[in-house]
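Heads up: the structure comes next, in structure tokens.
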Amino acid sequence: MNGRLRDLLLASLAGLAVAWVGVVGYGVVSDLRSPALPEVGDRVQQAADALRGGDHVYVAPDAHDRVTPAGERTLEQLAESSRHPVYVVVWEGTGQAGYQFPTDAASQLIRVVDREGVYVLWDGVGQGVVSEHLEGYLAPSPVRDFYGDPLLRLSEVIESVDAAAVVPASGGDYWGGPVGATAAGLVFATGGIPVALLLLGLGRLLAGRRFFMPGGWW
């Protein structure tokens, strides 16, 4: 191997190392910048405990005038018979329970229950959320109407979840799989070669040698 080829190989390896350090550093910084997850309030925790204990439906004490115990049993039977796991929570909306919007409460429920399924939250007349936590998505999309009688509306939501099909999510990752990751690495390495050559030149100067390497190829 002649000196020129050896130096080019060393520069390429240095560029790859610089690219790897940059990608790892970006991931570490991104993790550090990720906001801390909010604390779960008592209301969400009580609902999550009920769902983790085997129930598919949780009606808070302040919502029994909306869904009676008999209605709760009806929803439970529908949810249990659904082809796809579905969890229903009914309560009166409030801004003093550790979340701001129903979507926030649904995210907290999903995090605490930690089970695959469709989470349905009734938060008041016309207010609610249907959040899919599946290996894919439902098609057609479930009913998301929360106006009218809660028992009727929630029954329709559960039935629409049961009737839908789960469409697998497309694969891949941030870099688009192994091929994309390899291509990204080559791009980073190519951009890192000039930096590596500059560092090598500075190192040569500090060692009392010429900045440019022999051969005149750069």
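Coordinate-derived values only; no laboratory data. Quick caveat, the model's predicted, so the values are computed rather than measured. So basically every Cβ, Gly included, is an ideal-geometry build from the backbone, and we count neighbours across all protein chains shown.
Other residues within the sphere of radius under 13 Å centred on the Cβ of Arg73, judged by their own Cβ, net out at -4 (K and R +1, D and E -1). In this structure the amide hydrogen of Val86, modeled in the peptide plane, comes within under 5 Å of the amide hydrogens of Val118, none closer than 5 places in sequence on its chain.
Potential lengthening of the chain between Tyr137 and Gln46 amounts to 30.0 nm, from the contour at 0.36 nm per residue minus the alpha-carbon distance. For the range 42-167, DSSP calls about 55 percent of its internal beta bridges antiparallel.
Note on Asp104 and Arg144: their simple-model spin labels are 1.9 nm apart, each label 7 Å out from Cα toward Cβ. Residues Val129, Val112, Val118, ranked from the fewest to the most other C-beta atoms within 10 Å, line up as Val112, Val129, Val118. Applying the Karplus relation 6.51 cos²θ - 1.76 cosθ + 1.60 with θ = phi - 60° to the range 136-152 yields 3J(HN,Hα) values of x, 8, 8, 9, x, 5, x, 4, 10, 9, 10, 8, x, 5, x, 4, 5 Hz, where x marks Gly and Pro.
Residue exposure proxy: Ile158, Ile110, ordered by other Cβ atoms within 10 angstrom of their Cβ from fewest to most, comes out as Ile110, Ile158. For Glu92, Glu72, Glu135, the sequence from fewest to most other C-beta atoms within 10 Å is Glu135, Glu92, Glu72.
Taking amide H atoms as placed 1.01 Å from N in the peptide plane, the amide H of Val59 lies under 5 Å from those of Val90, each 5 or more residues away in sequence or on another chain. Label sites at Glu39 and Arg73, each approximated as a point 7 angstrom past Cα along Cα to Cβ, lie 3.9 nm apart.
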